[in-house]
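Data block below; observations after.
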Amino acid sequence: MISTAQTSHLDSIGTFLAMEIFTKAQKMAAQGRDIIHLEFGEPDFSAPLDAADSVRKSMEKNSAGYTFSQGLEGLRNEIAKKYEEDYGVKILPEQVLVTNGSSLLLYLAIRLLAPPGSQVILTDPCYACYENIVRLAGAEPVLIKLRYEDGFQLDTDELKKRVTAKTKAILINSPMNPTGVVFSSEVMQSLADLDIPVISDEIYADLSFEDSPRSFLSFSKQTIAINGFSKYFAMTGWRLGYMITPKEWMSAADRLHQNLMISATEFVQEAGISVLQKSKVYCEKMKAEFNRRRIFVLKRMRELGMDPGYTPTGAFYVFYKYPDSSKTSLDLCHEVLEKTGVAIAPGRDFGAMGEGYIRLSYAQSMENIDRALTKLADSKLLTS
Ligand SMILES: Cc1ncc(COP(=O)(O)O)c(C=O)c1O
């Protein structure tokens with residue numbers, strides 16, 4: 001007999017609630033409703049033209065085979081160069097492993113450092129998949145609350161109290177999804193001082209608007225840095241990401257990667273080389289536009305009575321505490337979508353602490369953001 005009991009060991013692995021909102025929004029759009037999407041962290045810009053040019057050339061020479069499992073040497077050289085030029089940290093190309101998107105690398109990094117039964121420290125809220133992948137790896141997530149009153153900065157004193165003999169890694173993300181907060185240098189330094197390996201999700205590192213972009217590697221060598229091309233390069237669907245580990249951990253990382261993936265797509269890796277070499281000006285323009293929107297969103301939200309109460313300075317998100325605490329964030333997002341046609345992400349997607357919040361993504365045109373905020377304010381669903 002075929003039954004769901006067969007897969008019940010995965011029952012604790014949750015879905016992305018933003019996807020539920022997106023699916024409903026798609027259905028509504030198919031019925032002719034005017035929908036504005038602010039629920040996803042996906043740049044509304046096209047990938048740099050250099051990427052498409054590179055793929056055309058790759059196709060002419062049939063660059064579509066397996067590659068060295070850690071990734072093309074040319075790409076790993078460019079990544080090492082980027083880390084030195086943009087974040088001031090020296091790494092060797094041998095420390096880099098490339099794969100199809102950074103999501104798999106989050107899982108790989110946990111498997112690498114945290115054996116089943118051990119503990120991994122996460123923040124609450126955090127990116128929706130972190131808790132799930134720690135569980136998938138058989139480890140236990142230990143959640144440290146990020147408080148609104150602290151501007152969502154990490155309280156490292158509280159974190160220290162939660163370290164046990166079973167703690168094998170700390171997973172952080174700065175600039176952060178869903179709050180858009182960049183952790184302060186003091187927070188980073190005191191994490192480094194703990195002498196516990198840190199998995200640093202640096203996918204938004206280049207989208208830091210008030211400080212220079214930074215890697216946790218400049219605070220500690222005991223780091224797995226994870227980065228990719230989805231956000232700053234606007235290449236979500238290209239599926240290209242990489243991780244940087246100490247040399248001592250690379251053999252195990254590469255063995256895992258070979259077994260799970262063999263290698264990343266060759267022509268996409270070649271496109272990665274191309275954009276790293278040629279597309280900085282284009283990407284910096286996108287970044288400037290994100291910053292313009294950030295400033296506009298914060299100003300408009302305050303004018304419309306939806307003050308987030310803190311200033312996000314990175315990524316492209318605002319986390320907003322709505323006044324009506326009688327509604328769950330998921331119910332509220334459904335109601336907002338039905339009544340206004342604006343799709344936003346429920347805070348619950350990002351952990352228990354996210355309940356009572358919604359996340360707005362400003363990876364949307366200024367015109368759509370403006371229209372969406374006016375509709376949200378007019379609906380009075382997010383104001384007191
Ligand atoms: C914090 C964070 N890490 C990783 C990812 C996934 O990136 P990729 O497209 O490289 O898998 C996302 C995507 O939204 C994210 O927000």
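Within the stretch 16-28, restricting attention to residues that are at pLDDT 95 or above and among the aliphatic types (A, V, I, L, M), which residue is farthest from the ligand (Cβ to nearest atom)?
Per the criteria, the residue is 28.
Pull out all pairs, ordered by first then second residue, where Cβ-Cβ is under 6 Å, the residues are six or more apart or on different chains, the first lies in the stretch 114-131 and is farther than 19 Å from residue 102 by Cα, and the second is within 11 Å of the ligand (Cβ to nearest atom) and part of a loop (DSSP other than H, G, I, E, B).
From the stretch 114-131, the pairs are 125/178.
Looking at (1) away from the ligand (no atom under 16 Å from the Cβ); (2) surrounded by fewer than 20 Cβ atoms within 10 Å (Cβ to Cβ); (3) farther than 20 Å from residue 74 by Cα, which one does residue 124 not meet, given that it meets all the others?
Status for residue 124: all satisfied but (1).
For residue 44, which of the numbered conditions (1) away from the ligand (no atom under 15 Å from the Cβ); (2) modelled with pLDDT under 95; (3) surrounded by 11 or more Cβ atoms within 10 Å (Cβ to Cβ) fails to hold?
(1)
Looking at 266, 355, 335, 367, which is the one that is surrounded by 15 or more Cβ atoms within 10 Å (Cβ to Cβ) and without any contact (Cβ under 8 Å) to a residue 60 or more places away in the chain?
355
With the condition kept exactly as written, say whether any residue in the stretch 150-168 is crowded, with 19+ Cβ neighbours inside 10 Å, within 14 Å of the ligand (Cβ to nearest atom) and more than 16 Å from residue 319 (Cα to Cα).
no
Which members of the stretch 177-199 meet the condition of being within 24 Å of residue 349 (Cβ to Cβ) and β-branched (Val, Ile, Thr)?
The answer is 179, 181, 182, 187, 198, 199.
I'd like the full set of residues that are surrounded by fewer than 17 Cβ atoms within 10 Å (Cβ to Cβ), part of a loop (DSSP other than H, G, I, E, B) and either touching a residue at least 60 places away in the same chain (Cβ under 8 Å) or touching a His at 6+ places or on another chain (Cβ under 9 Å) (or both), limited to the stretch 284-310.
Passing the criteria: 304, 305, 309.
Modelled with pLDDT of 95 or more, within 16 Å of the ligand (Cβ to nearest atom) and under 27 Å from residue 309 (Cα atoms): which single residue out of 141, 175 fits that description?
Result: 175 is the single residue among 141, 175 that is modelled with pLDDT of 95 or more, within 16 Å of the ligand (Cβ to nearest atom) and under 27 Å from residue 309 (Cα atoms).
Just checking: which of the helices (runs of 4 or more DSSP H) contained wholly in the stretch 181-283 hold 2 or more residues that are within 19 Å of residue 93 (Cα to Cα) and away from the ligand (no atom under 16 Å from the Cβ)?
Once the helices (runs of 4 or more DSSP H) in the stretch 181-283 are filtered for at least 2 residues that are within 19 Å of residue 93 (Cα to Cα) and away from the ligand (no atom under 16 Å from the Cβ), what remains is 247-261, 266-278.
The values are calculated or read from the model by the stated rules, or taken from the named source; none is laboratory data. Since this is a predicted model, take the numbers as computed values, not measurements. Ideal geometry is used to build each Cβ from the backbone, glycine not excepted, and the neighbour counts take in all protein chains shown.
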